[in-house]
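*Asks:* Quick one: this structure, given as structure tokens, is what I'll be asking you about.
The values are calculated or read from the model by the stated rules, or taken from the named source; none is laboratory data. What you see is a predicted model, and the numbers here were worked out from it, not measured in a lab. Here the Cβ positions follow ideal geometry from the backbone for every residue, glycine too, while neighbour counts run over all protein chains shown. Areas reflect the complete protein model, heavy atoms only, side chains present, ligands, DNA and RNA absent. Shrake-Rupley method; radii C 1.70, N 1.55, O 1.52, S 1.80 Å.
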Amino acid sequence: MQVQKDFSLKKYNTFGIAAIARYFSTFFNTEELESIIENNKKITSKMILGGGSNILFTKDYDGLVLKNEICGMKVIKDDENFVYIKAGGGVKWHNLVMFCVDQNFGGLENLSLIPGNVGASPMQNIGAYGVEIKDVFYQLEAFHLKEKEMQLFSADDCSFGYRESIFKNKYKNEFAILNVTYRLRKKPVFNISYGALLQELEKMNITDLTVKAVSDAVIRIRSSKLPDPALIGSAGSFFKNPVITSHQLYEIHRLHENDGKDVPFYKSGEEHFKIPAGWLIEKCGWKGYRKGDAGCYEKQALVLVNYGRANGKEIYDLSEEIKMSVREKFGIDLEREVNIL
Ligand code: FAD
Ligand code: EPU
């Protein structure tokens, strides 16, 4: 594969940031990846790129960007209750979900319409509407970029957490995830506990739950409040929802008892609660804010957006201002979910 020099990444990240990669190449299989690495030993910084939907480039990338284009998905085995589907890291996530929905395999329907590719799905253990990929994950194959060795990872090996995995922390930038195998149910078991999902299914008058109905409901909710990457630049939620103590939650309730609306929160373990960062950000007055082309989305305050020509530094600076005001008002430190480069 030809390595290109000074390559614009504008079309390769959903924020639409016009960063330049010093070197860029695609790979369609493991052999190609190996040979690119072998022929470019002198380039020390390397990163794997998927759909670019969870990255903010704050500057040009002074290294080699390797875009994973490994495609293909197939059922590799099945038993009485489960089918095992192996997909290439370059497969579009939503295409995999639609493949499963069409065949009535249960497990991925709540994760419909998440942008990005299969190879990145374990990176932050993608999640939505009460389901995370750890719930259906079986195993993955990854290639160690320095040792040049293949390694098989089970779910336990991946240390999945809320928007976390071993690949986002300990093994950051060490492996290229080549393919992922998911274990799906032949007889679907539905998870419709998420409030907004339940309400949408009621609105749609769904009485008989199917994989397709749940997927359709999720697509409707997402389309109504999240920006379409083809129209407005973003990387989805910019921050994680913070986990706070019962004392912090009590203080927030006290501060807002005259608002007329309840403070939203979810239980997270014995003594802790998750509070939506979008609510905290909205309460600090940022929702719909715009400075130049960088903004806080008018329908979902947790999503920072690029209306056209913002650069990564402008988006990052806005995120810093938001972080500071949430810390000042609530004493809570927001943690970024998006990968900053
Ligand atoms: P990229 O952005 O290309 O990469 C993300 C990180 O993973 C980078 O560090 C990259 O180096 C690394 N990486 C990518 N591929 C590989 C690989 N094959 N091997 C090793 N490392 C790799 N996320 C959710 O969890 N839930 C949501 O509901 C959700 N909604 C979103 C809505 C919108 C509108 C947008 C724009 C994003 C949303 N996201 C959501 C975030 C994003 O879609 C996911 O994190 C997705 O999995 C990123 O995939 P990607 O292929 O675009 O990864
Ligand atoms: N809220 C507000 N104002 C806002 C946005 C949200 O008050 O502007 C409050 C509301 O009370 C709302 C609650 O937050 O009911 C939850 O909002 P939403 O259902 O939109 O979910 P979220 O917590 O903001 C999380 C994920 C999303 C995921 C949805 C659905 C994180 C960081 N984000 O968002 O994931 O799609 O739940 O499960 O956990 C992503 O990771 O990129 C992403 C989009």
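*Asks:* Please tell me if Asp216 is closer than 29 Å to Gln199 by Cβ, under 19 Å from the mean Cα position of the chain (by Cα), acidic (Asp, Glu) and more than 12 Å from ligand 2 (Cβ to nearest atom).
*Replies:* Here the answer is no, as Asp216 does not meet what is asked.
*Asks:* Mind telling me which of the residues Gln151, Gln103 ends up being within 23 Å of Leu33 (Cα to Cα), modelled with pLDDT of 95 or more and either more than 11 Å from ligand 1 (Cβ to nearest atom) or surrounded by 22 or more Cβ atoms within 10 Å (Cβ to Cβ) (or both)?
*Replies:* Gln151
*Asks:* Any residue at all in the stretch 196-215 that's under 21 Å from Leu96 (Cα atoms), away from ligand 1 (no atom under 14 Å from the Cβ), open to solvent by 50 Å² or more (accessible area, probe 1.4 Å) and free of Cβ contacts under 8 Å to residues at least 60 places away in the same chain?
*Replies:* There is at least one residue in the stretch 196-215 that is under 21 Å from Leu96 (Cα atoms), away from ligand 1 (no atom under 14 Å from the Cβ), open to solvent by 50 Å² or more (accessible area, probe 1.4 Å) and free of Cβ contacts under 8 Å to residues at least 60 places away in the same chain.
*Asks:* Which residues, taken from the stretch 271-319, are within 16 Å of ligand 1 (Cβ to nearest atom) and of a type in the set (Ser, Thr, Tyr)?
*Replies:* If the condition is that a residue be within 16 Å of ligand 1 (Cβ to nearest atom) and of a type in the set (Ser, Thr, Tyr), then Tyr297, Tyr307, Tyr316, Ser319 are the ones that fit.
*Asks:* Still on this structure: Within the bounds of the stretch 258-269, is there any residue that is in contact with a helix residue (DSSP H, G or I) (Cβ under 7 Å, 6 or more places away or on another chain) and either closer than 17 Å to Asn54 by Cα or charged (D, E, K, R) (or both)?
*Replies:* No, the conditions are met nowhere in the stretch 258-269.
*Asks:* Considering only the stretch 131-143, I want to know if a residue exists there that is under 25 Å from Ala301 (Cα atoms), of a type in the set (A, V, I, L, M), surrounded by 15 or more Cβ atoms within 10 Å (Cβ to Cβ) and within 14 Å of ligand 1 (Cβ to nearest atom). Working first, answer last.
*Replies:* Restricting attention to the stretch 131-143, the residues satisfying the condition of being under 25 Å from Ala301 (Cα atoms) are 131-133.
Filter again for of a type in the set (A, V, I, L, M), leaving 131, 133.
If we keep only those that are surrounded by 15 or more Cβ atoms within 10 Å (Cβ to Cβ) as well, we get 131, 133.
Then keep just the ones that are within 14 Å of ligand 1 (Cβ to nearest atom); that gives 131, 133.
Scanning the stretch 131-143 turns up at least one residue that is under 25 Å from Ala301 (Cα atoms), of a type in the set (A, V, I, L, M), surrounded by 15 or more Cβ atoms within 10 Å (Cβ to Cβ) and within 14 Å of ligand 1 (Cβ to nearest atom).
*Asks:* Moving on. Filtering the stretch 288-341 down to residues that are assigned to a helix (DSSP H, G or I) and basic (Lys, Arg), which residue is nearest to Asn54 (Cα to Cα)?
*Replies:* Out of the qualifying residues, it is Lys313.
*Asks:* Then there's this: Of the residues Phe153, Phe137, Phe190, Phe143, which is touching a residue at least 40 places away in the same chain (Cβ under 8 Å), within 28 Å of Ile43 (Cα to Cα) and either within 13 Å of ligand 2 (Cβ to nearest atom) or outside the structural domain of Thr26 (by TED's automatic domain parsing) (or both)?
*Replies:* Every option except Phe143 fails the conditions.
Yes/no matrix, rows are residues, columns are (1) open to solvent by 80 Å² or more (accessible area, probe 1.4 Å); (2) outside any helix (DSSP H, G or I):
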site	(1), (2)
Arg222	no, no
Pro229	no, yes
Ser234	no, yes
Leu249	no, no
His253	no, no
Asp262	yes, yes
Gly269	no, yes
Glu282	yes, no
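*Asks:* Same structure, new question: Taking Asn241 as the residue in question, decide whether it is farther than 29 Å from Met98 by Cα, under 21 Å from the mean Cα position of the chain (by Cα) and not hydroxyl-bearing (Ser, Thr, Tyr). Show your work before the answer.
*Replies:* On the way: farther than 29 Å from Met98 by Cα: no; under 21 Å from the mean Cα position of the chain (by Cα): yes; not hydroxyl-bearing (Ser, Thr, Tyr): yes.
Criteria not met by Asn241.
*Asks:* Among Gly50, Gly16, Gly89, which is the only one that is in the same structural domain as Leu108 (by TED's automatic domain parsing), buried (at least 16 other Cβ atoms within 10 Å of the Cβ) and in contact with a Gly (Cβ under 7 Å, 6 or more places away or on another chain)?
*Replies:* Gly89
*Asks:* Then there's this: Those residues that are of a type in the set (Val, Ile, Thr) and touching a Pro at 6+ places or on another chain (Cβ under 7 Å), I need them from the stretch 285-341; list them, please.
*Replies:* Of everything in the stretch 285-341, those that are of a type in the set (Val, Ile, Thr) and touching a Pro at 6+ places or on another chain (Cβ under 7 Å) turn out to be Val303, Val305, Ile332.
*Asks:* Hey, another quick one. Do the conditions hold for Ser159, that is, is it surrounded by 14 or more Cβ atoms within 10 Å (Cβ to Cβ), hydroxyl-bearing (Ser, Thr, Tyr) and free of Cβ contacts under 8 Å to residues at least 60 places away in the same chain? Show your work before the answer.
*Replies:* Values: surrounded by 14 or more Cβ atoms within 10 Å (Cβ to Cβ): yes; hydroxyl-bearing (Ser, Thr, Tyr): yes; free of Cβ contacts under 8 Å to residues at least 60 places away in the same chain: yes.
Yes; evaluated as a whole, the condition is true for this residue.
*Asks:* If I ask for residues that are away from ligand 2 (no atom under 16 Å from the Cβ), under 16 Å from Phe167 (Cα atoms) and part of a loop (DSSP other than H, G, I, E, B), which ones from the stretch 38-53 would you list?
*Replies:* Within the stretch 38-53, none qualify.
*Asks:* Specify the residue that is surrounded by the fewest Cβ atoms within 10 Å (Cβ to Cβ); the eligible residues are those in the stretch 236-245 that are at pLDDT 95 or above and not hydrophobic (A, V, I, L, M, F, W, C).
*Replies:* Filtering the stretch 236-245 for residues that are at pLDDT 95 or above and not hydrophobic (A, V, I, L, M, F, W, C), the one surrounded by the fewest Cβ atoms within 10 Å (Cβ to Cβ) comes out as Lys240.
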